[in-house]
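Undergrad: Got a structure for you, questions after.
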Amino acid sequence: MTSFDITASPALEALRDHCEIHLPGDDGYDAARTPWNVAVDQRPAAVAIPRSVAEVAAVVRAATASGLRVAPQSTGHGAGPLAERALDDVVLLRLSALTGVTIDPVARTATVVGGTLWQEVIAAASAHGLTASHGSAPDVAVAGYVLGGGLSFYGREHGLAANAVRSVDVVRHDGALVHADAGENPDLFWAVRGGGGNLGVVVSIELELLPYADVFAGMLLWDRERAADVIPAWARWSRTAPESVTTSLRVMSFPPLPELPPFLSGRDLVVVDGAILADDDTAATIIEPLRALRPELDTFARIPSADLLLVHMDPPVPTPTVGDHSVLGDLDDAAIAALLAHIGDGTAPGLMFTELRHLGGAIGRPSDTGGALSHIPGVYGLLCVAVAPTPQAAVAGRAAAFSVVRAMSSWSLPNLIPTFTENRAESGRMYDGEDWARLCTVRDELAPGAVFVANHAL
Ligand SMILES: Cc1cc2nc3c(=O)[nH]c(=O)nc-3n(C[C@H](O)[C@H](O)[C@H](O)COP(=O)(O)OP(=O)(O)OC[C@H]3O[C@@H](n4cnc5c(N)ncnc54)[C@H](O)[C@@H]3O)c2cc1C
């Protein structure tokens, strides 16, 4: 239990009259500190829930005046690595009350307030026939996702979501609000696009939108018994798939639960899902080799682009999870055999899913105008996730996830994807060497003293 004494911090104490602040022992502390990933036990010195940019600035000033550091957090989807550090000198700044979005349909941009969820942005954009490079889950926040790169089902055609950021407004370590874009504060603008929450509190993000009112997307689903056919076929297919195609393959296990639809409840499955940015005939031709494997369920069709947020079936409520991740190169026969040995016949019990997210295309190409993370090398992002409702389940789930990642180590690349990294890791592995060095230099200049505590520290 943290031992922070607010009476030793007059600045923070004074702030309690103006901003929602929860301290250990307060009735609201436990609810306020609980992230989306409810397996994560984060215990900061205080939790602040500002309702305006002025309150964000006041919290930052009060915290630093008290010798405390500040951890911005929007939803806590990515809280795992943060809570692996001692937080007893950290004010957790939760941005859940700072939301909103404005769409400019002519400029095709969205201006998104700091803690806004993707579902709000996509609902607003879709009213104008537009969408954005969102990820698979509706309730992930735009901020943590784009600041960590952001892999979407539009990714192989349009690149990382971070490259779609046009400008940001940031509350700095001294409480000042600054605007950053390609012309104004260019170092800050470069660093936040991939550098996570290490530079300041991002209170507004201007994003380029994508011109899709609808999209050919969906999922194909087989019983897990078909893994030995489907995984090699998908690996072959993805090797030559055009950049207009971004898909994921998962081997999934669902417990028997009445709230799940019968095709999921109590089932072990192989699922391929994603999007194809092409007309219906072209898309149908592209997907045909996978359809030829006679999936039990095939939902690929033209859908409103807003519904792409639902295709991946991510948990709609806060969920306790643990996991592990690596980036893989091409999957040869030996790699697929190693994967099947671990997941195809159920020898990695306890995992909710093992996922291969297809990278490449524009995801793999550096952008001249991009920021600290403008591309991700590699062919597949491997992500293994277990549901962990108890500490014992967390230990078992982590071991299961590690074992799959270890089994694939002969095909792993050195880099990591920030948004897929659920454990404390060497952040240097997330960036090219020169970008990493520049990021650390910019952080030292713009956020001296490591005032901001991000889930992936620099
Ligand atoms: C169910 C699920 C599905 C996912 N799907 C995808 C996917 O398809 N593609 C993908 O790339 N990732 C995906 N992710 C990973 C997700 O993008 C990351 O966990 C991301 O960091 C979440 O952002 P957040 O703001 O919601 O989470 P948070 O945990 O609140 O934020 C993560 C970090 O971002 C920084 N941060 C957040 N908000 C701010 C802010 N306003 N100012 C400054 N720093 C800030 C902080 O450093 C914070 O520690 C998924 C995660 C889950 C759990």
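The values are calculated or read from the model by the stated rules, or taken from the named source; none is laboratory data. Quantities reported herein were computed from a predicted structural model and do not represent experimental measurements. Neighbour counts run over all protein chains shown; Cβ positions are idealised from the backbone, glycine included. Each accessible area value is taken on the protein alone, full model and side chains, heavy atoms only, with ligands, DNA and RNA left out. Shrake-Rupley method; radii C 1.70, N 1.55, O 1.52, S 1.80 Å.
Undergrad: Is it the case that the stretch 209-232 has a residue that's within 13 Å of the ligand (Cβ to nearest atom) and more than 20 Å from the chain's Cα centre (by Cα)? Break it down into steps so the answer makes sense when it comes.
TA: First pass over the stretch 209-232, keeping only residues within 13 Å of the ligand (Cβ to nearest atom): none.
Checking the stretch 209-232: not a single residue is within 13 Å of the ligand (Cβ to nearest atom) and more than 20 Å from the chain's Cα centre (by Cα).
Undergrad: Oh, and also: Which members of the stretch 16-38 meet the condition of being modelled with pLDDT under 95, more than 20 Å from Val53 (Cα to Cα) and crowded, with 18+ Cβ neighbours inside 10 Å?
TA: Scanning the stretch 16-38 gives Leu23, Pro24.
Undergrad: Would you confirm, using the coordinates I've provided, whether Arg94 is within 13 Å of the ligand (Cβ to nearest atom), within 18 Å of the chain's Cα centre (by Cα) and of a type in the set (Lys, Arg)? It would help to see each step written out before you state the result.
TA: Values: within 13 Å of the ligand (Cβ to nearest atom): yes; within 18 Å of the chain's Cα centre (by Cα): yes; of a type in the set (Lys, Arg): yes.
When the stated conditions are applied, Arg94 passes them.
Undergrad: Restricting to the stretch 80-104, name every residue that is among the hydrophobic types (A, V, I, L, M, F, W, C), part of a loop (DSSP other than H, G, I, E, B) and touching an Asp or Glu at 6+ places or on another chain (Cβ under 9 Å). Please lay out each step first, then the result.
TA: Step one: filter the stretch 80-104 for residues among the hydrophobic types (A, V, I, L, M, F, W, C), giving 82-83, 86-87, 90-93, 95, 97-98, 101, 103.
Next cut, part of a loop (DSSP other than H, G, I, E, B) only: 86-87, 95, 97-98.
Listed by number, the residues that qualify are Ala97, Leu98.
Undergrad: Please go through the stretch 29-46 and give me each residue that is without any contact (Cβ under 8 Å) to a residue 12 or more places away in the chain and not hydrophobic (A, V, I, L, M, F, W, C), ordered by number.
TA: Residue satisfying the conditions is Asp30 alone.
Undergrad: Which is outside the structural domain of Ile363 (by TED's automatic domain parsing), open to solvent by 10 Å² or more (accessible area, probe 1.4 Å) and in a loop (DSSP other than H, G, I, E, B), of Gly183, Gly175, Gly197? So that I can check it myself, show each step before the final result.
TA: On the way: Gly175 fails: open to solvent by 10 Å² or more (accessible area, probe 1.4 Å); Gly197 fails: in a loop (DSSP other than H, G, I, E, B).
Exactly one residue qualifies, and that residue is Gly183.
Undergrad: Here is a further query. I need the full set of residues from the stretch 40-55 which are part of a loop (DSSP other than H, G, I, E, B), open to solvent by less than 10 Å² (accessible area, probe 1.4 Å) and either out of contact with any helix residue (DSSP H, G or I) (no Cβ under 7 Å at 6 or more places or on another chain) or under 16 Å from Val453 (Cα atoms) (or both), in order please. I'd like the intermediate steps shown before the answer.
TA: So in the stretch 40-55, the residues part of a loop (DSSP other than H, G, I, E, B) come out as 40-45, 50-52.
Filter once more, keeping what is open to solvent by less than 10 Å² (accessible area, probe 1.4 Å): 42, 44-45, 50.
Selection gives Gln42, Pro44, Ala45.
Undergrad: Hand me the list of strands (runs of 3 or more DSSP E) wholly inside the stretch 248-329 holding 3 or more residues that are surrounded by fewer than 21 Cβ atoms within 10 Å (Cβ to Cβ).
TA: Details: elements: 268-276, 301-304, 321-328.
Qualifying strands (runs of 3 or more DSSP E): 301-304.
Undergrad: Separate question: Across the stretch 351-365, what is the number of residues that are assigned to a helix (DSSP H, G or I) and out of contact with any Pro (no Cβ under 7 Å at 6 or more places or on another chain)?
TA: Within the stretch 351-365, the first condition is being assigned to a helix (DSSP H, G or I), and the residues that meet it are 361-364.
Imposing the further condition that a residue be out of contact with any Pro (no Cβ under 7 Å at 6 or more places or on another chain) reduces the set to 361-363.
The total comes to 3.
Undergrad: In the stretch 404-455, how many are under 18 Å from the mean Cα position of the chain (by Cα) and either polar (S, T, N, Q) or closer than 21 Å to Asp169 by Cα (or both)?
TA: 8
Undergrad: Additional query: Counting only residues that are in contact with a helix residue (DSSP H, G or I) (Cβ under 9 Å, 6 or more places away or on another chain) and free of Cβ contacts under 8 Å to residues at least 24 places away in the same chain, which one in the stretch 13-22 is nearest to Ala63 (Cα to Cα)?
TA: Here is the first cut: in the stretch 13-22, the ones in contact with a helix residue (DSSP H, G or I) (Cβ under 9 Å, 6 or more places away or on another chain) are 13-16, 18-22.
Remaining after also requiring free of Cβ contacts under 8 Å to residues at least 24 places away in the same chain: 13, 16.
Working: Glu13: 10, Arg16: 12 Å.
Result: Glu13.
Undergrad: Let me ask something additional. Can you run down the residue pairs with Cβ atoms below 6 Å, 6 or more apart or on separate chains, where the first is in the stretch 63-82 and at pLDDT 95 or above and the partner is in a helix (DSSP H, G or I) and away from the ligand (no atom under 12 Å from the Cβ)?
TA: If the second residue must be in a helix (DSSP H, G or I) and away from the ligand (no atom under 12 Å from the Cβ), the pairs left are Val70/Ala63.
Undergrad: Next up: Would you mind stating whether Ala386 is more than 16 Å from the ligand (Cβ to nearest atom) and either open to solvent by 10 Å² or more (accessible area, probe 1.4 Å) or not in a loop (DSSP other than H, G, I, E, B) (or both)? Full working, then the answer.
TA: Numbers: more than 16 Å from the ligand (Cβ to nearest atom): no; either open to solvent by 10 Å² or more (accessible area, probe 1.4 Å) or not in a loop (DSSP other than H, G, I, E, B) (or both): yes.
Considered against the rule, which asks whether it is more than 16 Å from the ligand (Cβ to nearest atom) and either open to solvent by 10 Å² or more (accessible area, probe 1.4 Å) or not in a loop (DSSP other than H, G, I, E, B) (or both), Ala386 comes out as no.
Undergrad: Output the residue which, of all residues in the stretch 414-457 that are part of a helix (DSSP H, G or I), more than 12 Å from the ligand (Cβ to nearest atom) and small (Gly, Ala, Ser), is farthest from Ala386 (Cα to Cα).
TA: Per the criteria, the residue is Gly449.
Undergrad: State all residues of the stretch 60-101 that are of a type in the set (Ser, Thr, Tyr) and either touching a helix residue (DSSP H, G or I) at 6+ places or on another chain (Cβ under 9 Å) or open to solvent by less than 20 Å² (accessible area, probe 1.4 Å) (or both); if no residue qualifies, say none. Lay out the reasoning, then the answer.
TA: Applying the first criterion (of a type in the set (Ser, Thr, Tyr)) to the stretch 60-101 yields 64, 66, 74-75, 96, 99.
Once the filter is applied, which keeps residues that are of a type in the set (Ser, Thr, Tyr) and either touching a helix residue (DSSP H, G or I) at 6+ places or on another chain (Cβ under 9 Å) or open to solvent by less than 20 Å² (accessible area, probe 1.4 Å) (or both), the stretch 60-101 yields Thr64, Ser66, Ser74, Thr75, Thr99.
Undergrad: Residues in the stretch 311-326: is at least one more than 13 Å from the ligand (Cβ to nearest atom) and at negative phi? Steps first, please.
TA: Going residue by residue through the stretch 311-326, those that are more than 13 Å from the ligand (Cβ to nearest atom) are 324, 326.
Now restrict to residues that are at negative phi: 324, 326.
Yes, the stretch 311-326 contains at least one residue that is more than 13 Å from the ligand (Cβ to nearest atom) and at negative phi.
Undergrad: I've got another one for you. Collect the residues in the stretch 35-75 that are away from the ligand (no atom under 12 Å from the Cβ) and under 21 Å from Pro389 (Cβ atoms), keeping them in residue-number order.
TA: Within the stretch 35-75, Asp41, Arg43 meet the criteria.
Undergrad: Output the number of the condition that Tyr145 fails; it satisfies all remaining conditions of (1) of a type in the set (Ser, Thr, Tyr); (2) touching a Leu at 6+ places or on another chain (Cβ under 8 Å); (3) near the ligand (Cβ under 7 Å from one of its atoms).
TA: Of everything listed in (1) of a type in the set (Ser, Thr, Tyr); (2) touching a Leu at 6+ places or on another chain (Cβ under 8 Å); (3) near the ligand (Cβ under 7 Å from one of its atoms), Tyr145 misses just condition (2).
Undergrad: Step by step: first the residues of the stretch 27-39, then only those that are assigned to a loop (DSSP other than H, G, I, E, B) and either among the β-branched types (Val, Ile, Thr) or under 14 Å from Val91 (Cβ atoms) (or both), then the one that is nearest to the chain's Cα centre (by Cα). Which residue is that? Walk me through it before giving the result.
TA: Kept after step one, since they are assigned to a loop (DSSP other than H, G, I, E, B), are these residues of the stretch 27-39: 27-28, 34-39.
Filter again for either among the β-branched types (Val, Ile, Thr) or under 14 Å from Val91 (Cβ atoms) (or both), leaving 34, 38.
On the way: Thr34: 18, Val38: 16 Å.
Ranking the candidates gives Val38 first.
Undergrad: With respect to the numbered conditions (1) under 20 Å from the mean Cα position of the chain (by Cα); (2) over 19 Å from Arg43 (Cβ atoms); (3) part of a loop (DSSP other than H, G, I, E, B), which one is the sole condition not fulfilled by His128?
TA: (1)
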